[in-house]
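J.: Dumping the structure here so I can ask a few things about it.
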Amino acid sequence: MIKTLTKFFLQDLEKLKTEISSFKDERKIWEISGEIKNSAGNLCLHICGNLQHFIGAVLGNSGYVRNRDAEFSRKNVPFKELLKEIDDTIKIVKKTLNELPENKQKEIYIQKIFNEEMTTEQFLSYLATHFNYHLGQINYHRRLIDI
């Protein structure tokens, strides 16, 4: 299961790079409109922060310190910095999941999520679906705003 999840995380991080790179106007990455409350840029920062925290820091002891509020409050982060953040996330996800011992996958994840215990494998599945939810938002956001 971990090999499949690793493949999906890495594949979808590449899709995230493609989505961000597909904006014709870099300024549009930070726009919000109507009921769209989070910009594509902030969703990108959130995805990276989420994965670097829960996979890198919690599972891999990477030393990453998350600032969740900044994921949503930072604005106008340069395009190249967003792409670097994605690349950094790719590296830590790949390293951590490739080194994750098989027995750890079936253990209860270190932190309770929504006051529930779940195995590391179950939590990684949840992270993948959470990631894809936001990846879809970014795609839709780009097609609505970057016209």
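J.: Just to verify a result, which residue in the stretch 88-108, among those that are farther than 21 Å from Met118 by Cβ and of a type outside the set (Asp, Glu), is farthest from the chain's Cα centre (by Cα)?
T.: It comes out as Asn98.
J.: Under 8 Å between Cβ atoms, which residue pairs at least 6 apart in sequence (or on different chains) link something in the stretch 85-109 that is more than 23 Å from Leu43 (Cα to Cα) with a partner that is open to solvent by 80 Å² or more (accessible area, probe 1.4 Å)?
T.: Note: pairs meeting the criteria are Gln105/Met1; Ile108/Glu117; Tyr109/Glu117; Tyr109/Gln122.
J.: Kindly check whether there is at least one residue in the stretch 137-144 that is open to solvent by 20 Å² or more (accessible area, probe 1.4 Å) and more than 14 Å from Asn38 (Cβ to Cβ).
T.: yes
J.: Considering every residue within the stretch 18-32, establish whether at least one is open to solvent by 10 Å² or more (accessible area, probe 1.4 Å), closer than 15 Å to Asn132 by Cβ and assigned to a helix (DSSP H, G or I).
T.: There is at least one residue in the stretch 18-32 that is open to solvent by 10 Å² or more (accessible area, probe 1.4 Å), closer than 15 Å to Asn132 by Cβ and assigned to a helix (DSSP H, G or I).
J.: I've got another one for you. Quick check: anything in the stretch 108-128 part of a strand (DSSP E or B) and in contact with a Phe, Trp or Tyr (Cβ under 7 Å, 6 or more places away or on another chain)?
T.: The answer is yes; a qualifying residue exists.
J.: Going by the structure shown, is Glu81 assigned to a helix (DSSP H, G or I), crowded, with 17+ Cβ neighbours inside 10 Å and of a type in the set (D, E, K, R)?
T.: Against the criterion (assigned to a helix (DSSP H, G or I), crowded, with 17+ Cβ neighbours inside 10 Å and of a type in the set (D, E, K, R)), Glu81 does not qualify.
The values are calculated or read from the model by the stated rules, or taken from the named source; none is laboratory data. Please read these numbers as outputs of a predicted model, since none were measured by experiment. For neighbour counting, all protein chains shown are included, and Cβ atoms are generated from backbone atoms with ideal geometry for every residue, glycine included. The protein model used for the area step is the full one, side chains on, heavy atoms only, and it has no ligands, DNA or RNA in it. Shrake-Rupley method; radii C 1.70, N 1.55, O 1.52, S 1.80 Å.
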